[in-house]
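The values are calculated or read from the model by the stated rules, or taken from the named source; none is laboratory data. What you are looking at is a predicted structure, and each value in this text was computed from that prediction instead of being measured. Quick reminder, even Gly has a Cβ in these numbers, built from the backbone with ideal geometry, and neighbours come from all protein chains shown. Note: areas computed on protein heavy atoms with side chains; ligands, DNA, RNA excluded. Shrake-Rupley method; radii C 1.70, N 1.55, O 1.52, S 1.80 Å.
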Amino acid sequence: MDQFQQMFARMGGAGGAAGGGADVPVVDSAETIQISSLSLLKMLKHARAGVPFEVMGLMLGEFVDPYTVRVADVFSMPQKGTTVSVESVDEVFQQEMIEMLKQTGRMEAVVGWYHSHPGFGCWLSSTDVNTAQSFEQLDPRCVAVVVDPIQSVKGRVEIDAFRTINPQLLMMGQEPRQHTANLSFLKKPDIAKIIKGLNRNYYAISIAYRKNEFEEKMLMNLHRRLWTKSLALKPFAEADKSNAATMEELAELADRYHKRVVEEEDKELVDVMVANVGKVDAKRRLQSGAEELMADNIVQCLGTMLYTIVF
C-alpha cells in the first residue's frame, strides 16, 4: 500500500488520501524564486568586481511555501575562482557569517548559493552541479543562481536559477517535478543551455523580483546627486569657455525670436500656430538657457567666495 501511495505522490496524484503512509514531497513547476532588489544589486556588484574571474556567495531567505522561495540578502564568501570555475575554500566561514548576521537581527536561513559566469551565459558546469548537490543535501529545495555580469545591460539582467535532477529519477523514467502550471514553459530554453545539461542534469526555476518600501527609496536615491556636489567649482578656463558658448547660442536664439515676432505681426493666431508646428520654440529655449547660465554662474561665484574664505 505504501508503495502505491509513494508512486501516486510522485505522479502528482492523491496517494496520501487513503491515510496509510506519508506523501513524498515533490517540487512543482509553478515554483518561483523571489529575489529582492538589495540581493540583486549585491550579486551584480560582486560579479562585476570579480571579472574576469568567477565569484560565489550565499543567499539568505526563507522557503515561504511549496511554490515560493524568497531571497532577502546575499553575502560573499572565501573562494578559489578561475575564469571557468569557482569553489568554496572555507566551510567554517559560512556558519560564522550566519551567526554574526543573526546577532544583527537577520534570522533568515540559507536558501541557496549564487555564482557568476562572466561572458559565457547562465548554466551549470559539472563543478557547479556538484556544488549544487552538496547544498541540496542540506535542504532539497536549495537553489543555484547564475548571473552573467558581462551580458547584463541596462534594463536587463542575465540571470537564471537552477536545481539539480536526481539521476535515479531519470533512470526510472520519472519527472523531476510535477506540473500543475505552465509557468516553466513560458520561457523557451536556450539551445546552448540544453547542450550544457539543462533538463538533463538540472532544471530551471522561474525568477521574480520584489522590493519593499525601503528598497524602493534606496533605488530612488542610488544615483541622486548630493547637494555638496552642486558647490563644486569648475576649472575657470572651462567655465569661461562654457559661458562663451552659451552666450553665442543665446544671441542666435534672440535673433531668431526677433525675426519670428516680426513675421507674426500681420498673421492670424491660427496661421501662426500652423507655421510653427515642428519648429524649435526660440522663446522657450532662450528663457531656459538664460536661467541655466545664471544658475551656473551664481554657483561658481558663491563657490569661489567660499573657497577664498575657508581655504
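When both bridge partners sit in the chain, DSSP labels roughly 65% of those beta bridges antiparallel.
With respect to the chain, whose longest principal axis is taken over its alpha-carbon atoms, helix 126-138 is tilted by about 70°.
Can you compute the helix-only [θ] at 222 nm over the chain? Use -39500 (n - 2.57) per DSSP H run of at least 4 residues, normalise by all residues, nearest 500 deg cm²/dmol. Before the final figure, lay out each step's value.
On the way: 10 runs with 130 residues, N = 311.
Helices in the chain give a 222 nm mean residue ellipticity of -13000 deg cm²/dmol.
Would you mind counting up the charge near residue 63? Only other residues with Cβ under 12 Å from its Cβ, with Lys and Arg at +1 and Asp and Glu at -1. Don't skip to the end; give the middle numbers.
Numbers: positive: 70, 141; negative: 31, 62, 65, 108, 139.
Once all neighbours under 12 Å are counted, the net charge is -3.
When the charge dipole of the range 252-311 is built from unit charges on Cβ atoms (+1 for Lys and Arg, -1 for Asp and Glu) and taken about the Cα centre, the candidate among 276, 305, 286 whose Cα reaches farthest toward its positive end is 305. Around the Cα centre of the range 170-311, unit charges on the Cβ atoms of Lys, Arg, Asp and Glu (plus for the first two, minus for the last two) sum to a dipole of about 1460 debye. Comparing mean-square fluctuations of 164, 131, 180 from a GNM of the chain with C-alpha springs under 10 Å, the top value falls on 180. Within the range 114-241, DSSP assigns beta bridges of which about 70% are antiparallel (rounded to the nearest 5). When only the Cβ of Lys, Arg, Asp and Glu is charged (+1, +1, -1, -1), the dipole of the chain relative to its Cα centre reaches about 320 debye. Computed from Cα atoms, the angle from the helix 37-49 axis to the main principal axis of the chain rounds to 80 degrees. Comparing mean-square fluctuations of 289, 57, 105 from a GNM of the chain with C-alpha springs under 10 Å, the top value falls on 289.
Between the labelled values [x] 28.6; [y] 43.4; [z] 21.3, the entry that holds mean projected area of the Cα convex hull in nm² as derived from this structure is [x].
Look at the dipole of the chain built from charges on Cβ: of 180, 111, 137, the Cα furthest out on the positive end belongs to 137.
Tell me, what is the per residue accessible area of the chain in Å², probe radius 1.4 Å?
Per-residue accessible area for the chain comes out at 64 Å².
Taking the accessible area of the chain, probe 1.4 Å, and keeping the other protein chains in place, the carbon and sulfur fraction comes to 59%.
Here the Gaussian network model covers the chain, with springs between Cα atoms less than 10 Å apart; of 160, 148, 190, 190 fluctuates the most.
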